């Protein structure tokens, strides 16, 4: 069990209504905007241990994406594109013209969609365990195993969310998790992308890695050996911070 204690005080917290939904965010530090986006069933709290590592260089934005954390509970069918549209509306509200971003899993899928919705917004981004294309129906064992009646196996979930209704909605919507980038859509993404993947991440098949690399106009690839889905976590955190900061600082 982690004993990490998060001591940073945000410079700003706010809940904003965009597209008829309430989205909560926190801001830390000063500098160019850097968005850190969490995975499915997590919340912005999952990025708290990383804030100290980025605030010397960036104004860090942590977002509770649709359905998660202090943002509104899902009331409609999960759509990664809709989540990205709502995030884009939040960024327009914040009057940010350019951002850098890191997204884990669900957060990475949202960033790929955001790249298409607002092509000139993102200067560079890092995606972890995500290539912008993933369908739960391709992973029946995951769909079968990730259900509310097994919630005790997923210790982080209750700490991340406001109430049980929100958690139940997340589990129910997981069956609708489907997103796909065509070859042409990948080609339309013109900013720098660093793809980070563990070679034991069964949800990121190598053929999809190869397809993304083939069609993204500017991409780097970092595959970590003997590492599962959360390639930025645990013993890899320090090196991830080093590599991600070096990548994002490129002109």
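Taking the beta-carbon count within 10 Å as an exposure proxy, list 187, 70 from fewest neighbours to most. Mind showing how you got there, number by number?
Working: 187 13, 70 19.
Result, fewest neighbours first: 187, 70.
Using helices alone, what [θ] at 222 nm do you get for the chain, with -39,500 (n - 2.57) per DSSP H run of 4 or more residues, divided over all residues and rounded to the nearest 500?
On the way: 9 runs with 83 residues, N = 251.
Helices in the chain give a 222 nm mean residue ellipticity of -9500 deg cm²/dmol.
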Restricting to Cα pairs below 8 Å that are 6+ residues apart, what does the relative contact order work out to for segment 158-251? Please round to a whole percent.
27 percent
If the chain between residue 245 and residue 164 were fully extended at 0.36 nm per residue, the gain over the current Cα-Cα distance would be 25.5 nm
Give, in nm to one decimal, the length gained when the segment between residue 156 and residue 30 is fully stretched (0.36 nm per residue of separation minus the Cα-Cα distance).
42.4 nm
Which ordering of 127, 41 is given by a fewest-first count of other beta-carbon atoms within 10 Å?
41, 127
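Can you tell me how much longer the chain between residue 190 and residue 236 gets when fully stretched, taken as 0.36 nm per residue apart minus their C-alpha distance, in nm with one decimal? Before the final figure, lay out each step's value.
Details: separation 46, 0.36 × 46 = 16.56 nm, distance 2.83 nm.
Here the answer is 13.7 nm.
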Mean projected area in nm² (Cα convex hull; one quarter of hull surface) for segment 12-248:
11.7 nm²
Determine, for 208, 239, 141, the number of other Cβ atoms within 10 Å of each Cβ, and report the residues in order from fewest to most.
141, 239, 208
List the relative contact order of the chain as a percent without decimals, with contacts defined as Cα pairs under 8 Å and 6+ residues apart.
17 percent
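Only the coordinates and a few stated rules stand behind these numbers; no lab work does. This one's a predicted model, so the numbers in the text were calculated from it and none came from an experiment. Neighbour counts run over all protein chains shown; Cβ positions are idealised from the backbone, glycine included.
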